[in-house]
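A short worksheet on the structure shown next.
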């Protein structure tokens, strides 16, 4: 993609993106849809592919700064420990991070035990129920605002949600549909509630302190990546099921 993208890159833009001279990309392994441990040394996944393309466009060396949760990954960008990252769009994170339009859409769903009386999403917000979420995840931020009655239990990371749900004997686990389905298939005795409770809009982000011009370049990069098929090809290459490329902004 980088040989055809017509985005003007100046020395000032490079300095805004990478004040250390190296583009530091924050990678969240807590979202297995978009990132994975790779060979155990270098992570892989859609977000890693995009980070490499961005570094090539900027003609900068790339450093992958790896975290196990979305909250830690976002905090790294907010604090300047990393230069860009891959997050679900959320107004809480948006206080300090300038988001692009989304590049991938992912469904957030609920999981319950087979013998649970729950059959619909609108039954979840009940004061008698406990809902397990991954701490600092997009659905943690969303459900903290949306659930007015049910208690929220926070697992240390998104991949740990179902294990905590079972250990705590909670009522509902909330997370990315694909991860929950994998856990249901692995453990048995679990089922997803049919409909999604949110669409998670995965975007790239840069600290707002880096300036509007850098944010506009990042936005243009993501739109070009979608338009030229890079995102779709990355989803196919990494065998990602159930996520879709976001429409043009």
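Laboratory data are not the source of any read-out in this text; all were calculated from the coordinates shown. Predicted, not measured: the structure shown is a model, and the values here were computed from it. As a convention, Cβ positions derive from the backbone with ideal geometry for all residues, glycine included, and neighbour counts pool all protein chains shown.
What to note about this one:
- Footprinting exposure proxy for 9, 33 (fewest neighbouring C-beta atoms within 10 Å first): 9, 33
- Top of 97, 13, 27 by mean-square fluctuation, Gaussian network on the chain, Cα under 10 Å: 13
- Tilt relative to the chain, helix 46-58 - C-alpha long axis, 0 to 90 degrees, to 10: 20
- For region 1-87, relative contact order (Cα pairs under 8 Å, six or more residues apart, normalised by length) works out to 38 percent.
- Computed from the alpha carbon positions, the gyration tensor of region 107-198 leads to an equivalent ellipsoid with semi-axes of 17, 15, 13 Å, biggest first.
- GNM flexibility winner over the chain from 22, 100, 42 (Cα, springs under 10 Å): 42
- A Cα-only calculation for the chain places Rg and Dmax at 18.5, 61 Å.
- Percentage relative contact order, the chain, counting C-alpha pairs under 8 Å, at least six apart: 27
- Projected-area mean, region 11-127, by convex hull of Cα positions, square nanometres: 10.0
- Between the alpha-carbon centres of region 182-215 and region 90-165 there is a gap of 10 Å.
- Order of 93, 237 under a 10 Å beta carbon neighbour criterion, fewest first: 237, 93
- Restricting attention to the chain, close to 60% of DSSP beta bridges with both partner residues there are antiparallel.
- Relative exposure of 222, 77, judged by other C-beta atoms within 10 Å (fewest first): 222, 77
- For the chain, the longest principal axis of the alpha carbon atoms and the long axis of helix 70-79 meet at an angle near 40°.
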